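The values are calculated or read from the model by the stated rules, or taken from the named source; none is laboratory data. What you see is a predicted model; the values in this text were computed from it and never measured. Heads up, the Cβs are rebuilt from the backbone with ideal geometry, glycines too, and the neighbour counts pull from every protein chain shown.
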Amino acid sequence: MGFKFQNFDFLHLDSSFSEDELLVRRTARDFVDDNVIPIIEQCFREGRFPREFVPTMGELGFFGATIEGYNCAGMSNVEYGLVMQELERGDSGLRSFVSVQSALVMYPIFTFGSDEQKKAWLPALASGEKLGCFGLTEPGFGSNPAGMTTRARKSGSEYILNGEKMWITSGTLADVAVIWAKLEGDDNDGPVLGFLVETDRTGFSAQEVHGKWSLRASSTSGLSLQDVHVPATSLLPGATSLKNALMCLNQARYGISWGAIGAAMDCYSNALQYAKTRKQFRNEPIAGHQLVQEKLVWMASEISKAQLLALHVGRLKDAGRAGHQHISMAKRNNVWMALECARLARDILGANGIADDYPIMRHMMNLESVKTYEGTHDIHTLILGHDITGIAAY
Ligand code: TGC
Ligand code: FAD
């Protein structure tokens with residue numbers, strides 16, 4: 001379990017948050033401290049997603065938190081970010097689950113869905129009564145989803161879906177999958193379309209991925225679609241291009257930029273408290289050694305910069321002014337920063353750093369996935385390179 005978490009607010013950023021924002025953070029923080037921290041290490045060891053938290057997270061308004069109506073909490077983007085920060089302080093797997101349910105399932109239904117689809121799914125997804133997953137990545141197409149081979153064939157009043165999706169968070173838990181597929185044409189393939197596919201449809205199956213050393217408290221799956229017939233009403237009417245899928249990613253990437261801060265703060269909190277109590281040479285705390293201080297100062301500085309970046313992008317998003325390039329910068333920087341903090345914290349704890357008495361290796365292993373999913377670190381470099389030069393180098 002490590003040391004009790006100590007908040008990190010070097011720049012007095014808490015004074016920039018409203019009362020409501022601080023209340024949301026308090027609620028999420030208490031939920032994580034009281035429920036998640038006591039059992040998460042064991043879940044990680046067992047490779048088990050703690051599904052028992054779902055109803056409480058639904059009651060607390062964590063699912064589809066920024067959506068207005070449909071029994072959703074209608075939080076601001078900054079409030080939503082603070083929830084993600086606290087959840088990932090607990091474990092990246094828990095934050096992943098909420099990211100997928102909220103940003104990758106409820107957001108596309110809310111943004112691209114028909115009134116019937118919204119009424120049918122959003123309240124049940126908000127409470128956690130129903131769970132969702134998002135199928136974009138395929139075995140052969142990760143960074144380049146435009147190459148996807150999953151196909152949708154129109155046949156009368158139905159579509160028939162065929163394809164394989166891979167690395168799908170919550171795939172075996174989901175009641176509904178948001179599936180991205182290219183419309184099959186006679187000559188050329190058509191646009192990418194988004195479908196809501198109930199997971200009990202004939203021809204749909206999900207297989208749990210085993211052997212992960214990362215995100216062990218999260219469920220990850222392969223999905224197989226073999227002649228899955230869905231009515232035309234399963235198409236999300238507004239999801240008619242790859243751009244619509246990429247819009248969903250912006251929501252998830254934004255949440256990750258806050259979540260990574262939570263993991264980094266937990267590593268820093270543990271490293272600082274350990275350094276003040278662990279004694280080596282002259283019976284003095286290792287926190288008194290210059291090289292240890294340099295590591296702590298690096299962490300404190302980078303976490304502070306990451307907090308500023310996430311908060312600023314959050315305020316831009318609340319004002320409707322955040323572009324996908326801003327979100328890419330925040331995801332890329334903050335996940336890199338958090339992974340470096342985990343490595344430095346592990347170093348400061350010496351041998352104890354590798355033990356699961358402390359959360360550091362778990363965060364580090366989780367962050368390796370977070371660096372890769374939702375656009376790898378290098379893909380975000382290229383997205384930013386594209387934005388500032390006008391030249392795409394993908
Ligand atoms: P490209 O030609 O560049 O773009 C096509 C159109 O889309 C626009 N666009 C975006 N719009 C909104 N948001 C974005 N983030 C956008 N990125 C691009 C673009 O302006 C263009 O619009 P228009 O009007 O000109 O048509 O598309 P491309 O095929 O060359 O791809 C570009 C690239 C590499 C950036 C994109 O494919 C990409 O982002 N790849 C990374 C794939 C990825 O992130 N996958 C994530 C899967 S989901 C997941 O990992 C969940 S993890 C669980 C959790 O979240 O916790
Ligand atoms: P690749 O695209 O094969 O990349 C491999 C390496 O090549 C990377 O270092 C990459 O940066 C580099 N590379 C690729 N192209 C270029 C280029 N043009 N220039 C320079 N370098 C390049 N996907 C979903 O759809 N839904 C989910 O719920 C989901 N959950 C996930 C959960 C976990 C735990 C993980 C690990 C992944 C998940 N993913 C999900 C998939 C994730 O989005 C992909 O893994 C990610 O987009 C990268 O794709 P890839 O793994 O195929 O790597």
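Computed values, structure above
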item	result
Residues that are among the hydrophobic types (A, V, I, L, M, F, W, C) and under 13 Å from G375 (Cβ atoms), drawn from the range 248-274	C248, L249, A252, I256
Within the range 117-156, considering residues that are part of a strand (DSSP E or B) and within 16 Å of ligand 1 (Cβ to nearest atom), the one surrounded by the fewest Cβ atoms within 10 Å (Cβ to Cβ)	F141
Tally, over the range 132-156, of residues that are within 12 Å of ligand 2 (Cβ to nearest atom) and either basic (K, R) or under 17 Å from the mean Cα position of the chain (by Cα) (or both)	8
Among (1) more than 14 Å from ligand 1 (Cβ to nearest atom); (2) within 19 Å of D91 (Cα to Cα), the one test that L316 misses	(2)
Test for K371: is it in the same structural domain as A252 (by TED's automatic domain parsing), without any contact (Cβ under 8 Å) to a residue 40 or more places away in the chain, charged (D, E, K, R) and within 15 Å of ligand 2 (Cβ to nearest atom)	yes
Elements of type strands (runs of 3 or more DSSP E) contained in the range 157-252, each with 2 or more residues being more than 12 Å from ligand 2 (Cβ to nearest atom), surrounded by fewer than 20 Cβ atoms within 10 Å (Cβ to Cβ) and modelled with pLDDT of 95 or more	158-169, 204-208, 220-231
Residue list for the range 347-368, filter: free of Cβ contacts under 8 Å to residues at least 60 places away in the same chain and among the charged types (D, E, K, R)	D347
Selection within the range 361-370 - under 21 Å from H326 (Cα atoms) and more than 11 Å from ligand 1 (Cβ to nearest atom)	L367
Which listed residue is over 25 Å from K295 (Cβ atoms), more than 16 Å from ligand 2 (Cβ to nearest atom) and of a type in the set (A, V, I, L, M, F, W, C), from A322, A351, A330	A322
